[in-house]
Amino acid sequence: MEFVIDIKKRLYDFQLDVSLQSKEEIIGILGASGSGKSMLLRCISGLVKPDEGQIIINSKTFFDSEKKINLSMRDRKVGFLFQNYALFPNMTIAENIAFGLDKLSKTEKNERVSALMEKYHLGDIGKRYPTQISGGQQQRVALARAVAVEPDILLLDEPFSALDVHLRNHMMREMSELLKEFQGLTLFVTHNREEAYRLADYIAVFKTGKVEIFGQKDAIFKWPASLETAKITGCKNIVAATRLSENRLHVPQWNISLTTVMKIEPENGYMGIRANQVKLVDEPDDQQENYFKVWIADESDGPFRTSLYLKIGSRPESIHDFHIQCEISREERNHLDNLSEPFVIYINPEFVFFVDQ
Amino acid sequence: MTATVVIFFLGLIIAWLMTNYNGKWKGLIDSILTLPLVLPPTVAGFAILLLIGKNGPVGNFLEIFGVNIIFSWYAAVIAAIVVAFPLMYKTTMGAFDQIDPNLLSAARTLGASEAKVFWRVAVPVARPGIAAATALTFARCLGEFGATLMVAGSIPGKTETIPIAIYFATQGGEMQVALIWVLIIFAISLTVLVINNYWESHKKKQQRGFGG
């Protein structure tokens, strides 16, 4: 399993310029809408022809502008799962799955279809039409149809965005299981960091047509290597900071200095800490490092978790006058009612990261 | 009837090609293909006459083989095709434009040839639009009067269309004959429309489900 993608594609004032290679099996492509993620999938599948570059999947060259190779979609063997599943409304479920299997004999075709229907828990709905089955079933049919042609690479375009929250979690677990069984590469595109983290081993972060960062998912989420990655992985506290020493930085806006585990190299940059890593404590530790007095400027309650908007060092003047966002459970929030302002937060040096400008 | 069949396939294929063609000539080609719809039938008839008449380029060419199509059954068919074609073409193209592009992309990524994409996906999905277009076309062919009169004349049993027969019967005072023709055309048109509607609602019922 290996792929090399190195392509350029210009479209009006948008430029896709991607260079990505890996031996990993499941890769998530994370990016805001309009960052060119879907365009990349379209280039790999052959729906769109890149301007230049090469696409090699499992040592099969799909596209090479220098060698003038551009395999037709029929010869590429790509399984594409569309955002809205794109099931053919005029065909039954069984006919949909069999659509790409023209080369097989009738018996082989029937065998393949029933094996897939079994594997994807589609029971006896083979004779129904796509509008007569549920959203989760539609997704499984679409996946079965894509896998039926035994593709070298599976491309999933925002696979869960059409599902409601309840079904989404369920399908994510199911999809994760089905993807592990699939013997081949999987590239899937999403703007949802949770989906990316749950499904993929490796994540590529996209920004305006370029790969901002590519790496192991835990590394990317723990200490993002760029400002954009920090934002897209959902870090809520990002602020300009300067280096004091190898493991110490200063945040002028907050008027505090912090100790870090991460080694700081550049002089100026941004420091980040995730909202769920900002802890409220009853009593400061003896050593006093990374403990700060805070006042609550505003708060926003979710069903299970509460977001607090805190100001460090002094009492806030308005609800917009805050420094740091902190996410805690409802129990922790209720516990605060027993204490009085100012509260104390602890910023664990392990989770503080510093990125270049 | 022949004209409807010819237009059906011609309109379908040209509409599909035009849907997939996005070159700079699209607007011009589209206008030319739609032109007969807005021209008075006599103008269309006159243009056909110029083209396939004894002294027209096509007429001259055919004369070499001793074929004369003007004022023949073929001329009537050609007139109907030219006049009714834009209806089929425009309506079908509208139906094709409505297809979810992902459906066509999905078919292609599954290795379908363009012919398969067309016959197995595009045509069935656009079927309601195509059926409506065919009904319209058939009605237009059946009712063709002006252009046919110009190029095919009115030779009973050969080039006489029903509306022309009605016209001349009325002119000649044969009200009984005219009435019979009127009833016949009424019956044919109604039958076509009823069959069309019935078939549509039947198909819809089959594919409709509880899901949204």
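Brief remarks follow.
- Rounded, prolate or oblate (a/c below 1.5 giving rounded, otherwise prolate when a/b exceeds b/c) for the stretch B:138-197 by Cα gyration tensor: oblate
- Relative contact order %, chain A, counting alpha carbon pairs below 8 Å whose residues are six or more apart: 16 percent
- The stretch A:3-227: C-alpha gyration tensor shape, a/c 1.5 cut-off, then a/b vs b/c: oblate
- Remark: the Cα gyration tensor places the stretch A:237-356 in the prolate category, a/c being 1.5 or greater and a/b exceeding b/c.
- Ranked by the mean number of other Cβ atoms within 10 Å of their residues, highest first, the peptides A:61-74, B:139-152, B:120-133 come out as B:139-152, B:120-133, A:61-74.
- Sequence-distant residues sharing a close amide H with B:Thr161 (under 5 Å, placed H): none
- Summing +1 for each Lys or Arg and -1 for each Asp or Glu among the other residues whose beta-carbon sits under 15 angstrom from that of B:Ile166 gives -3.
- In Hz, Karplus ³J(HN,Hα) per residue of the stretch B:168-182 (6.51, -1.76, 1.60; θ = phi - 60°; x = Gly, Pro): 6, 5, 5, 4, x, x, 8, 4, 4, 4, 4, 4, 4, 4, 4
- Here's the picture: charge each Lys and Arg Cβ at +1 and each Asp and Glu Cβ at -1 in the stretch A:237-356, and of A:Gly272, A:Ile328, A:Thr306 the one pushed furthest to the positive end of that dipole is A:Gly272.
- Over 18 Å (Cα to Cα) - which of A:Lys236/A:Lys263; A:Lys8/A:Lys210; A:Lys9/B:Lys116; A:Lys119/B:Lys116; A:Lys77/A:Lys207; A:Lys9/A:Lys37 fall in this group: A:Lys236/A:Lys263; A:Lys9/B:Lys116; A:Lys119/B:Lys116; A:Lys77/A:Lys207
- Close amide H pairs (under 5 Å, H built 1.01 Å from N) link A:Asn348 with A:Lys279, residues at least 5 positions away or on another chain.
- Annotation: for a label point projected 7 angstrom from Cα along Cα→Cβ of A:Asn169, residues of the stretch A:259-302 with backbone N closer than 18 Å are A:302.
- Antiparallel %, DSSP beta bridges [both residues in chain A], to 5: 75 percent
- Projected label distance in nm at A:Gln183 and A:Gln357, using a 7 Å step from Cα toward the beta-carbon: 5.4 nm
- Computed E for A:Ile69/A:Ser105 - FRET, C-beta separation, R0 25 angstrom, nearest 0.05: 0.20
- Largest-first principal axis extents of the Cα set of the stretch A:129-184 (Å): 30, 25, 17
- Taking Cβ atoms as reference points and 11 Å as the exclusive limit, the residues near A:Glu195 contribute a net charge of +1, counting Lys and Arg as +1 and Asp and Glu as -1.
- Stokes-Einstein D in µm²/s, Kirkwood radius over Cα pairs - chain B at 20 °C with 1.002 mPa s viscosity: 111 µm²/s
- Inter-chain Cβ neighbour count for A:74-85, averaged per residue, equals 3 (cutoff 10 Å, partner chain atoms only).
- Between A:Arg333 and A:Ser318, the modelled label-to-label distance comes to 2.4 nm, taking each label 7 Å out from Cα in the direction of the beta carbon.
- The per residue volume of the convex hull around the alpha-carbon atoms of the stretch A:26-151 is 137 Å³.
- Over chain B, dividing the summed -39,500 (n - 2.57) contributions of all DSSP H runs of at least 4 residues by the number of residues returns a 222 nm mean residue ellipticity of -23500 deg cm²/dmol.
- Highest to lowest packing among A:316-322, A:151-157, B:45-51, A:293-299, scored as the average C-beta count within 10 Å: A:151-157, B:45-51, A:293-299, A:316-322
- Per residue of chain A, the DSSP helices (runs of n ≥ 4 H) give a summed -39500 (n - 2.57) that works out to -7000 deg cm²/dmol at 222 nm.
Each value in this text was obtained by applying a stated rule to the coordinates, not by laboratory testing. If you're wondering where the values come from, they're calculated on a predicted model, not measured in any experiment. Virtual Cβ from ideal backbone geometry, glycine too; neighbours counted across all protein chains shown.
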